[in-house]
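Report on the following structure.
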């Protein structure tokens, strides 16, 4: 099964193209461009529309709509006099839950929401009303976290791509956003509408020039500058370009077409279509950290982890690429081995894992902190955080092998300080593998190769 | 007709967490209580207002955000369900409230005559924001008083704290004048917290108070400073320090409610009463009351 992004869109969030396109020539052009984008989607083999809306802010990580049929009447906070939009949406709940799970496995705070009367934001309602009337294709909607940075937003896209590939989806990615978002602060007559300022218009033209050349990653890199220059300081900033760029693997050689660019109450409204076919110009460099897992501002409520943050491992044994082999199981989602061995081997119906510690894939950090510094001086560390990280790593390896934690049958655990750590380790065990019920042996040992306090050796069924 | 008056002004924050604890039947059936300091604070505020005669609650909420001027609900009967898009697990509230459209329009007209950009919201499908509902519910859970609901004009986002304050000072004066001419007695609510930096994780259960605290000591210091200024009647000092407060404490007063409230009360030198302080997912929340109805007796 091979899923992919077959089309990406940038569309404006305002209700005017839905409720009163006829009142302004520009609004009608936006509406027509929306209709053209809809036709392109209908002519494709798309089976999923993914909405990242700047008008649904979240605080607790990211939220994903998982109500199979959100229904209500939407009224815009500012433009309530234009009328109401009755919406009844069809959500791909399987995808929503899978994306949520993928977010968590990549270190993000994430949750699904499914509540009667949940106020689907105006941007998502407008986009789905115009791109997907009659709910021909199921959709999924994700919030914008008010505190997220580029790393977190990039990981959000990567976990989405994980699910697209796993489920074989042909997905359309949609960023619902304005370009310049400075609206007139006074009511205006429809015929008076124009881009708020010449400066905003010039920036918008530059953005559209890049997009028409398929240079999505360049826009992502300019995102902070653009936000400073032509954006009202709303909390969600210019993040959707980070998300859309990451959804397209940060490419600069997409095939882009601007279907319309007009003003809506002063803001820059554009409908842009980006197809994955290379425009032939050759890709450019991607010179920001290509983050796979998020290890940032998380768990700040957990007092034991307030003082002990995930610490990059800057010293210790050399790391190896996992050894390949006919029955080897290896994954980028688990930390690199400290020797020449695979993450696991599958023999018949059984999977044998190499010893798994808490180190994080990618940056090699240790959740809960290392047990000693470079000079060998002991450090305070959080055994519960380390144990949780071990279990997460085990889950990732088993998932790669086509199995899961539910199939673990035997575990041998190694602790470097039984007196100090057994209780915390045992507590996390009870919350995780203890619920599965494998046999277990816990041993005290003098040391492990890296400055970690716990490691587990696992045997599982396929 | 006797002159109308502001009988009390309140800083009335709107964390949905408080209603969650109070109304489990309308929400997740797993509440274990929590945030008692603030819930008790609202109890003390309600007790303080118990014998105060008033006709209307006038509330300005930062969760009805408007960019094209300041808006007022102009629909007399508002009935629907309010679901918090940020904490939908905590707040899904069926409301059925009455708007004092006459007073809302009077404030609107007064502000318009002073050159402000204002608009009446007359779409019957409009959903009242959860900030308005939480603050009003915590102050008057009986819902037997009509309210005036005022949007938060995001002029700070467009311009600066200084511009926001100029506009909110004018809106406050217009509010006071319209109330005076209406002959009505009003309680004013500024529906906002103080420092406003959230944690980005949620405990299970959300009301696990062993994990609740202010996000940083700097935020705590700002909250205490603002409370001290309010308790000592230094309203003008609050207005003077608002730019730094908004910037450094990411204060929710950036929405203008506190400045509007202070202006409507005439930037009082009388002290406010602190009824309660507590943190909600890291943000600082104080329940304050300026008992304006007593000032004439001093």
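Identify all residues within region A:69-97 that are more than 8 Å from every other protein chain (Cβ to nearest Cβ), free of Cβ contacts under 8 Å to residues at least 40 places away in the same chain and not in a helix (DSSP H, G or I); write none if there are none.
A:69, A:71, A:86
Looking at residue A:398, is it in contact (Cβ under 8 Å) with a residue 40 or more places away in the chain, in contact with a helix residue (DSSP H, G or I) (Cβ under 7 Å, 6 or more places away or on another chain) and either in a loop (DSSP other than H, G, I, E, B) or buried (at least 20 other Cβ atoms within 10 Å of the Cβ) (or both)? Even if it seems obvious, please write down each step before you answer.
On the way: in contact (Cβ under 8 Å) with a residue 40 or more places away in the chain: yes; in contact with a helix residue (DSSP H, G or I) (Cβ under 7 Å, 6 or more places away or on another chain): yes; either in a loop (DSSP other than H, G, I, E, B) or buried (at least 20 other Cβ atoms within 10 Å of the Cβ) (or both): yes.
Judged against the criteria, residue A:398 is a match.
Please report, ordered by residue number, the helices (runs of 4 or more DSSP H) entirely within region B:86-192 with at least 3 residues that are surrounded by fewer than 20 Cβ atoms within 10 Å (Cβ to Cβ) and under 18 Å from the mean Cα position of the chain (by Cα).
Because the criterion is at least 3 residues that are surrounded by fewer than 20 Cβ atoms within 10 Å (Cβ to Cβ) and under 18 Å from the mean Cα position of the chain (by Cα), the helices (runs of 4 or more DSSP H) in region B:86-192 that meet it are B:161-182.
Checking residue A:452 against (1) part of a strand (DSSP E or B); (2) under 18 Å from residue A:338 (Cβ atoms): exactly one of these is not met. Which one?
(1)
Could you count how many residues in region B:104-126 are within 11 Å of chain A (Cβ to nearest Cβ) and over 21 Å from residue B:164 (Cβ atoms)?
Here the count works out to 6.
Answer yes or no: is there a residue in region B:45-58 that is modelled with pLDDT under 90, out of contact with any strand residue (DSSP E or B) (no Cβ under 7 Å at 6 or more places or on another chain) and not in a helix (DSSP H, G or I).
For region B:45-58, residues modelled with pLDDT under 90, out of contact with any strand residue (DSSP E or B) (no Cβ under 7 Å at 6 or more places or on another chain) and not in a helix (DSSP H, G or I): absent.
Criterion first (at pLDDT 65 or above, within 22 Å of residue A:150 (Cα to Cα) and surrounded by fewer than 22 Cβ atoms within 10 Å (Cβ to Cβ)) does residue A:333 satisfy it?
yes
Report whether or not residue B:275 is surrounded by fewer than 24 Cβ atoms within 10 Å (Cβ to Cβ), in contact with a helix residue (DSSP H, G or I) (Cβ under 7 Å, 6 or more places away or on another chain), touching a residue at least 24 places away in the same chain (Cβ under 8 Å) and more than 22 Å from residue B:168 (Cα to Cα).
Values: surrounded by fewer than 24 Cβ atoms within 10 Å (Cβ to Cβ): yes; in contact with a helix residue (DSSP H, G or I) (Cβ under 7 Å, 6 or more places away or on another chain): yes; touching a residue at least 24 places away in the same chain (Cβ under 8 Å): yes; more than 22 Å from residue B:168 (Cα to Cα): yes.
Yes: the conditions hold for residue B:275.
Of the residues that sit in region A:124-149 and are surrounded by fewer than 24 Cβ atoms within 10 Å (Cβ to Cβ) and touching a helix residue (DSSP H, G or I) at 6+ places or on another chain (Cβ under 6 Å), which one is nearest to the other protein chains (Cβ to nearest Cβ)?
A:129
Looking at the structure I just gave you, is residue A:337 part of a loop (DSSP other than H, G, I, E, B) and closer than 22 Å to residue A:425 by Cβ? I'd like the intermediate steps shown before the answer.
Working: part of a loop (DSSP other than H, G, I, E, B): yes; closer than 22 Å to residue A:425 by Cβ: no.
The answer is no for residue A:337.
Could you tell me which of the residues A:105, A:58, A:53, A:44 is surrounded by fewer than 23 Cβ atoms within 10 Å (Cβ to Cβ) and either within 13 Å of chain B (Cβ to nearest Cβ) or at pLDDT 95 or above (or both)?
One residue alone meets the criteria, A:44.
The values are calculated or read from the model by the stated rules, or taken from the named source; none is laboratory data. What you see is a predicted model; the values in this text were computed from it and never measured. Methodologically, a virtual Cβ is constructed for each residue, glycine included, from the backbone with ideal geometry; neighbour enumeration extends over all protein chains shown.
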